[in-house]
Structures are given as C-alpha cells and as structure tokens.
1. Once you average over the residues of A:142-154, how many Cβ atoms of partner chains fall within 10 Å of each Cβ?
2. Of the GluC sites (Glu not before Pro) in the stretch A:412-519, which ones lie in a loop per DSSP and count no more than 13 other C-beta atoms within 10 Å?
3. Tell me which of A:402, A:436, A:480 sits at the most positive position along the dipole axis of the stretch A:392-491, charges placed on C-beta atoms (Lys, Arg +1; Asp, Glu -1).
4. So what are the three principal axis dimensions of the stretch B:193-301 from its Cα atoms, in whole Å, longest to shortest?
5. Enter the mean number of other protein chain beta carbons within 10 Å of the beta carbon of each residue in B:98-104, as an integer.
6. With +1 on the Cβ of every Lys and Arg and -1 on the Cβ of every Asp and Glu, and nothing else charged, how large is the dipole of the stretch A:72-148 about its Cα centre, in debye rounded to the nearest 20?
7. Could you work out how far apart the two model spin labels at residue B:200 and residue B:258 are, taking each label as a point 7 Å from the Cα in the direction of the beta carbon, and quote it in nm?
8. Give, in whole angstrom and from largest to smallest, the semi-axes √(5λ) of the equivalent ellipsoid of the stretch A:72-148, with λ running over the eigenvalues of the Cα gyration tensor.
Amino acid sequence: MADQNKTDTEGTFFSEILSPSELFAARSRSHKIPVRGQKDFFPNDSDEQRQRLEQSLNEHWSLISEERVERLGNLVRATWIPSDQTVELQSPAGKFWQTMGFSADGKQYLLPEEALYLMECGNLQVFYKDLPLSIQDGYERFLSSNTVRLQQYQVFGHLKRLGYVVHRFDPSSEPSPYVRQLNLPQSRDRAGRQLKRKRSASPTPTCSHSEAQEESTTERMEEDKGNHDGEENKKPPESHLTTSPETAQVQTATTSTTDEGGGRTWWTTDVLRDLGKGSDHSPTSGSSRWDFSSISFPDLGSRGQLSSRLASPDPSLLPGALAVGVCDVASWRQRINLREVRLSSKEQRREEDKRRRRWDVNKDKEVQRCRNWAEYQELLARRQGRRKGRPAHLWNREVTPLHDPRQLIPTGELLDKISVIKSTNLLEGASRLKGSDEWKICFNVYQPDSVADFKKSNPGKPYSRMCVCSFNDPVPDLRAIKLLASQSGDVPVVIAVVDHGDISFYTFKDFQLPKDVYP
Amino acid sequence: MDEPPCREEPPACEEEEDMSLSNVVGLSLCDSAPLLWRVQDLKTVRFQGLVGALLGSLPRTPRQNGRLGRPLLLLPEEERLLSEHQAAAALPASNQDGVGEEICQWVEKYREEQQRSFAEQSVLALEDRKSALLQAMTSSHTGSHAGLGTSAKALQGRLEALDRSFSFPRSAMAVQLSTVRAGLTYCPKDRAFLQADWPIRAQYNPHCDIRYQVFRDLSGRGFYLTSAGKFGGDFLVYPGDPLRFHAHFIAVCLSLDEAVSLLDLLSVARLGSNVKKTVLLCSPGPDGGVRYTSLQWSGMV
C-alpha cells in the first residue's frame with residue numbers, strides 16, 4: 001500500500017479522499033500492526049539510528065494516514081438527529097446492538113458516543129443532510145457538554161476498545177440507599193422503561209448544563225403528544241398486560257417501600273428531635289404538673305366526718321370549659337361496703353408479724369427519690385453492682401469507664417471497645433450528605449466476559465462505575481468520595497484521570513488496619 | 001541533540017512566507033480541545049518536535065489501545081507555541097450546516113461520485129476476476145502441452161461467460177469513511193481561507209505560564225516533550241523522537257520564588273529514580289532563561 005502514502009504535491013495536499021482504484025485495492029490490505037523495536041537510549045547521530053528512526057516514522061505515518069475503507073454491505077447506515085442528540089439507524093443493526101443503543105417508537109437509536117465509537121471501528125456510516133459525516137464531524141458534532149465531553153469519550157473509547165460494555169450512568173435508575181439497605185429486588189419494570197424511551201425523552205446527558213436542550217425537549221414533548229396521542233392512550237394497558245405478576249408484585253413492593261421510606265424519615269427525624277431534647281425532657285415528664293400532695297382527694301370510704309356533699313374541685317385542675325358543681329355523695333356512700341373489717345386475734349397477729357418482717361420498698365428513701373420505673377431499675381442495678389464489687393463511684397456519674405471489668409470478652413473485642421476513635425467506612429453518614437455537581441459518575445462498566453449473555457434490558461450489577469476527571473482538576477475530597485460511594489452502592493467507583501492521551505484509573509478503597517490480636 | 005529546523009525563525013520574514021504558509025497547520029476545536037486531523041499537519045508538527053497525543057481508534061485495527069490514530073490532541077503549550085509562531089489556523093467549518101440549494105448541490109455531487117466509484121470498482125472487480133481466472137487456468141495447464149489450443153479456447157469461452165454473467169453487487173462496493181471533513185476537497189479554494197490567525201487562548205493561571213516558558217525552552221533545545229501526569233510531573237522529556245527513544249527527564253515546573261515542601265521534593269525524586277529518569281526542577285528566571293535543577297540521592301555510607 002505504498003502508493004497510499006501521500007506525496008506533498010500541491011494537488012493532493014488537502015486531499016485525503018481515496019480514488020475508486022485505491023478503494024478497491026484497500027479491500028485486501030493487511031490488518032497487522034508493525035511491531036515497534038527496542039528503543040535506543042540516546043541519539044548519537046549514527047546512520048544506523050537515523051535509518052531506524054526513518055523506518056519507524058514511515059511505519060507510523062503509513063498507519064496514521066490509513067483511511068477507513070469498508071464494503072457498503074458491512075456498514076450500518078444511520079442519520080444524525082441534532083435536536084435529539086441521537087443517531088437513528090436506517091438499516092438493520094449489527095452485532096453491536098446487543099450491548100449498545102436503545103429503541104423508541106419502533107426505531108433504533110444510538111447515543112452519540114456509541115455512534116462515534118462505531119464510526120471509528122468502521123461499522124457505521126452516519127449521514128447528516130444526506131451527506132456522510134467524517135470522523136472529524138463526528139467528534140465535533142457529537143461531543144459536547146450536552147452529551148459526552150471529549151475526555152469522557154476518551155475514557156469510553158478506551159474501555160470499549162478493551163471490550164468492556166459501557167453505558168451511561170443514570171442516577172434515577174439506581175435503587176435508593178434505603179431500597180438497597182433492605183436488599184429489595186430492583187424493579188425490572190423500571191429498567192425496561194428506561195430502555196424503551198420515548199423519542200421525546202432524550203437521553204440524560206452526563207453533564208448537567210443542558211438548559212437549552214431541556215427547553216427543546218419540552219417543546220418536542222408537546223409536539224410528540226400531539227402526534228402520538230392515540231399511542232399514549234393505548235400504552236398503559238398494554239404495559240400492564242406484558243408485566244408478569246411477579247414484576248407487578250415487585251412494583252407494589254417498591255411503591256410500598258417508598259411509602260415506608262417517607263414514614264421512616266418522618267420517624268427518624270422525630271427520634272432525632274427527641275434525642276436533641278433528651279436531657280431536659282425526662283425530668284419534666286418525671287415530675288408531673290400536678291402536685292398531688294397539695295391536692296386533696298376525698299376518701300369516700302372513711303367512716304369519719306364527711307359531709308354528704310363534696311365541694312366542687314379546684315377549676316385549675318379541670319380540663320378547660322368543664323364546670324363541676326357541688327356533688328352529692330350520699331347515694332354513692334350507700335353503695336359502698338362501709339363495715340369495719342374485723343380480724344380474728346390470730347389474723348391480727350399474723351398481719352402484725354408480716355408488717356414487721358416485710359421490708360417496705362416504699363419506705364426506702366432512695367426508692368422514694370425514683371421518679372419512674374426506669375430509675376428504679378437503675379437503682380436496683382446500682383445496688384447489685386455494689387454488692388458484687390464494682391466501684392460504684394465510677395459508675396454513678398455521667399462519665400463511666402469504657403468497660404465493666406465483670407464482663408468477660410475476648411481481647412480483640414476489648415481493644416475494639418476501648419478504642420476511643422472508631423474507624424469509619426466510606427459509606428458511613430454518606431446518605432445524609434447533599435449531592436454536589438462537581439463529581440458525577442459517568443459510566444456503568446460491565447466486564448468483557450459478560451458480553452455473550454449481556455442483556456440491555458437487564459444488565460445486572462456493573463463491574464465498576466467510572467468518574468472522569470483530568471489532572472488539572474482537584475483531588476476529590478472525602479465528602480465527594482463518600483457521595484460517589486453512596487451513589488454507587490456496593491459497586492466500586494473508579495476515577496479515570498485523563499492526561500491528554502493517557503488515561504490512568506484510580507480507586508479510593510476502604511482500608512481496614514490489620515489487628516494483630518488473635519483471641 | 002538534533003536541532004529541529006525552522007523553529008526559532010521569526011515567521012514574519014518575507015522570504016519565509018511560502019515556507020511558513022505550508023507549515024501552517026489546521027486546528028479544530030472539539031469541546032475546547034485543539035485537535036489536528038490532516039496527516040500533513042500531523043507530519044508538520046512532528047517535524048517541529050511537537051508530539052501531541054493520538055486519541056482516535058486506529059483504522060487498521062480499531063479495537064486495541066496499543067496504537068491509536070487520528071485525531072492528534074495538542075498540549076496547551078504546543079497550541080500556544082504554534083499560535084505564537086503564527087503557524088496555526090482554524091480548519092474551515094463544515095459545509096453541511098448550509099441550507100437549501102447549497103446542500104442539494106453537495107448531495108448531488110456526492111451521489112455522482114458514489115455512482116462513478118461504483119462503476120469504476122465494478123470494472124476493476126471484473127478485471128480482477130478475469131486475471132485470477134487467467135492465472136488459475138494457465139498455471140493448471142502449463143504442464144500439458146497438448147491441450148494448449150483447446151485450453152486457450154476454453155479460456156476464451158470462460159472469459160466471455162464471465163463477462164456476461166459477472167455482476168458486482170452494490171454491497172461489495174468499498175466506501176471510504178473519511179477521517180477528515182471532506183469539505184476541503186470539494187472546494188480547493190478553501191485553502192485560501194486558511195489564515196494563520198489562531199488566537200492565543202487566554203491562560204490566566206500563572207502555573208500555565210511557567211509551564212509554557214519551560215516547554216518553549218526545552219522544545220527549543222531540541223527535546224521532545226509529552227505530558228507526564230502519570231509520572232507526577234509536568235512533562236516527560238525525550239532526547240529524540242519518542243518513537244525511538246526513552247524519556248530521560250521528568251520536568252517539574254516551579255516558579256523561582258515558590259516554596260517547595262521537602263516531602264514533595266523527595267517524593268518526585270524517589271519516583272524519578274524508580275522509573276530510571278532524572279527529575280528536573282524547572283524555573284523560568286527573570287532574564288527569560290530557565291533554570292534547571294536536578295536532585296540526586298548521594299549515597300554516603
């Protein structure tokens with residue numbers, strides 16, 4: 001293919017278009033890449049070195065200048081739709097359909113990064129206004145902040161070339177931390193819906209700055225409503241028909257969990273509020289608003305002097321707007337047995353004995369100081385402890401020792417117990433952080449060996465998730481890392497750092513310090 | 001060290017006009033990154049000692065990362081060097097954004113070309129088949145002298161039959177998926193519009209400025225530089241073309257009055273020795289030159 005290397009003559013200076021004969025000849029060209037030889041250490045102006053350099057450069061330029069030539073029959077034809085930022089297939093899709101693209105309204109679409117990658121692989125020819133787009137056009141038209149940035153595409157292409165299945169990350173299709181915590185099966189219905197997007201609902205851009213685009217989508221949505229009104233009406237029952245009872249069940253499960261989730265948050269905040277009040281709350285509940293020592297309760301059973309009419313109670317003790325007049329108790333007294341209890345002498349003695357022997361709990365001063373059951377229990381525990389030789393003075397204040405020496409536990413656990421600063425993990429407290437725009441997960445990555453039985457409708461758990469940044473960007477702080485981790489769940493988040501042509505992958509991982517204690 | 005030619009010459013000289021024009025490379029922005037697309041431009045910048053980074057899949061074997069193809073991404077320093085030397089121009093925008101008749105003309109032209117290409121390729125395919133047949137027949141009959149006459153006749157018959165029956169399906173036609181935007185070839189006049197007017201895009205960051213001064217100095221001394229993010233430095237410095245030579249230095253750009261933490265210094269030095277490269281601390285001086293300092297571990301035992 002020596003004649004393919006262009007000479008620098010005027011006529012061909014800008015021409016990188018092949019003639020029909022060149023095209024024809026290119027059908028049988030080799031697909032081998034020349035191996036690079038061992039590099040030299042230092043240039044020494046020798047002819048040998050110069051020759052080797054020249055040869056390397058020649059190989060390099062012949063590789064670089066080679067144009068993509070494909071048989072028309074092997075090419076999938078597609079059109080670029082700038083308003084949707086998608087590419088619509090015009091001819092049947094190839095093998096790539098198993099892992100790429102989505103269908104909507106009975107048509108097949110590719111996302112711009114997928115289309116560009118396939119163009120680069122020589123599988124796809126994209127037309128715009130009936131003219132084919134070059135690779136350059138693809139880069140310039142498809143890559144933007146509305147779709148995928150150049151750096152993100154570099155990472156996408158790098159991973160695709162390695163064989164990974166790479167999809168855009170859609171935070172809304174991920175289960176919430178709560179659902180994950182309960183280990184609920186993820187609604188398959190939801191994933192299906194995401195795949196079979198309406199044409200109007202353009203794919204979520206990986207970057208958020210897309211106000212202009214959003215405007216246009218809403219416009220189109222209205223337009224679409226006009227067009228597909230009938231369809232839209234037909235859709236819901238159809239989808240009900242297709243969902244199996246199982247998925248229906250799952251769906252009810254998810255809806256109920258969302259309800260519960262709402263309930264739960266309400267409940268936790270309530271608890272938090274309680275906790276916040278905690279210290280000053282309990283004493284108020286302990287001592288009642290009413291001082292019973294000063295309120296006299298009439299003893300209707302007493303045989304002493306009691307007028308047959310009870311005076312009306314203090315109005316401040318009554319619930320508002322309730323007026324109680326003077327009460328005639330004579331009729332009540334008639335119904336009560338007012339006879340004196342007569343005990344035999346034997347019984348009397350026994351009673352006396354019992355009273356003497358019995359230690360009345362209520363007489364205990366400390367017990368009397370207890371305001372509720374919990375405090376009494378505490379008191380009992382304290383007394384128990386004193387009896388068993390735990391120094392009480394260490395335990396009766398707010399600050400107590402970290403460990404109760406009477407409790408026997410393994411050394412490892414003990415060390416754990418007395419470690420004042422606990423180690424934390426990445427996910428701890430992450431759900432309480434608010435989202436940030438700075439760091440976003442771009443892609444879900446699935447391993448190459450899963451390609452054979454990969455299903456777009458049910459991709460399963462990704463191998464990892466990708467964030468893309470450059471060396472000029474700041475290092476993500478703990479907050480960002482926690483956020484990403486909580487967004488990703490149990491799938492590791494990998495940060496792809498793009499340095500011009502180079503891509504390096506880094507992961508922040510929880511590290512448990514080893515403990516050299518064997519119980 | 002090779003001193004790459006035509007580097008330090010001021011590009012405005014009268015007699016250099018022609019030379020510098022052919023050295024003007026066409027840049028285009030993709031998501032604000034400067035990309036080179038045309039092979040000739042790639043050669044031009046490489047000739048000037050600028051390496052850049054290839055980003056695209058290689059047409060020959062697209063599904064690998066070992067060797068990549070066009071486009072070539074320039075470092076910001078490379079871009080600035082080119083624009084300061086007035087050696088960069090914006091590639092013309094696509095003509096597919098035109099409207100109405102203009103587009104119709106292009107489409108018409110494209111269809112004609114496809115038709116012509118198909119016709120030519122079917123002729124070529126027929127010839128190809130014929131020569132293959134000829135070769136097969138003659139090679140199988142060279143042994144037997146007796147049947148020469150009959151075989152010639154048979155051959156003639158086969159060739160005629162082939163002529164009649166041969167059809168070249170459209171799906172077998174080879175088409176080119178152009179790397180570079182085709183607009184320029186359709187309209188050679190566009191070349192005249194290529195003016196070396198690439199603006200120096202603002203870099204307010206003082207560190208960028210330091211990087212640029214170091215880059216310009218090292219590149220002026222004939223070194224080839226690439227980005228050294230994965231080595232924890234600013235540039236990897238090659239003594240010759242990176243195709244044939246290993247990098248010798250990791251350049252770390254610092255301003256002269258910048259305080260450096262000892263730990264940082266030790267970590268880059270340690271890294272450098274681990275990858276068998278010398279770490280250069282590069283600081284542009286007030287006189288326009290650049291101070292280079294290397295750190296060496298001296299083993300006093």
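Only the coordinates and a few stated rules stand behind these numbers; no lab work does. The model shown is predicted, which means the values in this text are computed figures rather than measured ones. We place every Cβ from the backbone using ideal geometry, glycine too, and count neighbours over all the protein chains shown.
1. Average per residue, whole number: 3.
2. A:438
3. The residue sitting farthest along the positive end of the dipole is A:436.
4. Answer, in whole Å and largest first: 66, 37, 25 Å.
5. 1
6. Working: 5 positive and 9 negative charges, 39 e Å.
I would put it at about 180 debye.
7. A separation of 2.0 nm, rounded to one decimal place.
8. Its equivalent ellipsoid spans semi-axes of 17, 14, 12 Å.
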